[in-house]
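Read the figures in this text as sums done on the coordinates, not as results from a lab. Fair warning: this is a prediction, and the values are worked out from it, not measured in the lab. For neighbour counting, all protein chains shown are included, and Cβ atoms are generated from backbone atoms with ideal geometry for every residue, glycine included.
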Amino acid sequence: MKKVRFLILLSLSAATVFAQSNNFLLYSFKGNVSVVENKVESKAKVGKSLANTATIKVPAGSMVTLICNEAAMFTLNKPGTYAMNMFGDSCRVSSNSVSANYVKYVWAQMTQEHGSPGSNRKAFMNTVGAVSRSINNVWIDPRLDTINYSGGDFPLSWKSFAEAKDFEFLLYNSDNITTPLFTTYVSKLKIPISAIAAKIKPGNSYFWTAAIKGEENEEMKVFNYVAKETFTELVENIKKQAAAYEAPAEQAYRIAFMLEDAHYLSEAYQYYVKAATTDPTNALYRSTLMSFKKDYEIK
C-alpha cells in the first residue's frame, strides 16, 4: 500500500514539474485581450512571453492564439479568464496542421535576445540550395537554385569575384540548354524578371545563368513559371493550415515564410511587405523584410 501511495505521489510530483516547465508566447490576438502577471494587468502584445504563472483574459468577441514550448499552438476563442498553468495538455505537440518548422521559427525569433530577427529563416526551412560545383568568376547564391514564379517583379542576382563591368545573362528552354532562348548584357549584378517576361510562358520551365562578358558559366539555375491557378491553389492550402485564429499580419507573415520555403520568392516578398505594413509596430516583421531584401538584392 505504501508503495502505491509513493507511486501516486511521484506521478503527481512529475505532473507538477511538467506543468511548471511550460512557457508561452502570444502569437496573435483579436479584441481587448489582456495579460495578468504578478498581479499587474497589461494589454496583450504579439510576441509577448508568458510564464506558467500568468493569466490571460479573453473578453467576449475576442480571441488569442498561443505557442507553448516552441512547437505547440492553440487558440482560446471563448470569453473567460485563463490561468496558463491549466494548459498542460495543450502544450503537447499534436498533428496540428500549422508547420512545426514555422512555429519553432516564430518562437526562436520572438524570444531571442541577440541577433537580427528574421535573418536566419533558412535554418528553419525544409528546402536548402545545393552546394555550388562550378569554378568561375560568377557565383549564384544556392537560394536561387530553383525559383517558382507566378507574378510580380523580382531580381535574378549573382556575385562576381572579378572586377568586371559587363555581364551576360542567358536564358534557356528546359529542353534545350545548348542554344539560349534569350541573352542580354547588363552592367549590374542582377536582372529583373520583367526583362525576360516577354520570353517566358506560364506552365513552362527554364534554365538561367550569368557570366562575365566573354566568359562562360556552366552553372544553371531552374526557373519554373507557374500558372496563376496553381499558385492560387497553393496559397489557399497554406491559409487553411492556420490555427483557429490568426490576425491578418500574422497570416501574411506565415504565408510569406512558407512561400519562401517553397521557392516562390517574388510572391514571398509581397507577403513579407504585407505583414510589415499591416503591423508596422512588429519588429520581427520589419527586420525580416529588411533581411529578405538584403538576401535577394532588392533595393
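Between helix 2-20 and the chain there is an angle of about 50 degrees, using the helix long axis and the longest principal axis of the Cα atoms.
Sparsely packed loop sites in the range 19-118 (the trypsin sites (Lys or Arg not before Pro) outside DSSP H, G, I, E and B with at most 14 other Cβ atoms within 10 Å) comprise 39, 45, 92. Across the range 138-225, C-alpha contacts under 8 Å between residues 6 or more apart give a mean separation that, scaled by the residue count, equals a relative contact order of 36 percent. Along the positive direction of the dipole of the chain (beta-carbon charges: Lys, Arg +1; Asp, Glu -1; about the Cα centre), which of 84, 105, 248 reaches farthest? Farthest along the dipole direction, towards plus: 84. Between 24, 231, 182, the GNM of the chain built on Cα springs shorter than 10 angstrom shows 182 fluctuating the most. Dividing the mean sequence gap of close Cα pairs (under 8 Å, 6+ apart) by how many residues the range 188-259 holds gives a relative contact order of 24 percent.
According to the Kirkwood relation over distinct C-alpha pairs, the hydrodynamic radius of the chain is 21.9 Å.
Springs join every pair of Cα atoms under 10 Å in this Gaussian network model of the chain, and among 149, 102, 185 the largest mean-square fluctuation is at 185. When the GluC sites (Glu not before Pro) in the range 215-299 are filtered for DSSP coil states and for at most 13 other beta-carbon atoms within 10 Å of their beta-carbon, the remaining sites are 215, 216, 218. Computed from backbone phi with θ = phi - 60° and the Karplus coefficients 6.51, -1.76 and 1.60, the 3J(HN,Hα) list for the range 81-87 is 10, 10, 7, 4, 6, 8, 10 Hz; x is used for glycine and proline.
Each residue of the range 239-247 was assigned a 3J(HN,Hα) from its phi angle through the Karplus expression (A = 6.51, B = -1.76, C = 1.60, θ = phi - 60°), giving 4, 5, 7, 6, 5, 4, 9, 8, 5 Hz with x at Gly and Pro.
Here the spin labels are modelled as points 7 Å beyond Cα on the Cα-Cβ line, and at residue 92 and residue 104 they lie 2.1 nm apart. Taking the Cα centre of the chain as origin and assigning +1 to Lys and Arg Cβ atoms and -1 to Asp and Glu Cβ atoms, the resulting dipole is close to 1260 debye. GNM remark for the chain: springs join alpha carbons under 10 Å apart, and the peak mean-square fluctuation among 145, 175, 261 falls on 175. Panel order for 286, 254, by other beta carbons found within 10 Å of each beta carbon, from fewest to most: 286, 254.
Relative contact order, whole percent, for the chain stands at 16, derived from Cα pairs under 8 Å and 6 or more residues apart. Straightening the chain between residue 85 and residue 222 buys 44.3 nm, computed as 0.36 nm per residue apart minus the Cα-Cα spacing. State the answer as a single residue: which of 49, 62, 38 lies farthest towards the positive end of the charge dipole of the range 21-96, with beta carbon charges of +1 for Lys and Arg and -1 for Asp and Glu, about the Cα centre. Result: 62, furthest along the dipole toward the positive end. Subtracting the Cα-Cα distance of residue 215 and residue 283 from their residue separation scaled by 0.36 nm leaves 20.1 nm. Here the sum of -39500 (n - 2.57) over DSSP H runs of 4 or more residues, divided by the residues of the chain, equals -9000 deg cm²/dmol at 222 nm, to the nearest 500. Spatially, the range 139-195 and the range 247-299 are offset by 23 Å when compared through their Cα centroids.
With bins 5 Å wide beginning at 0, the percent of Cα pairs of the range 138-225 falling in each bin runs 3, 14, 29, 27, 19, 7, 2, 0.
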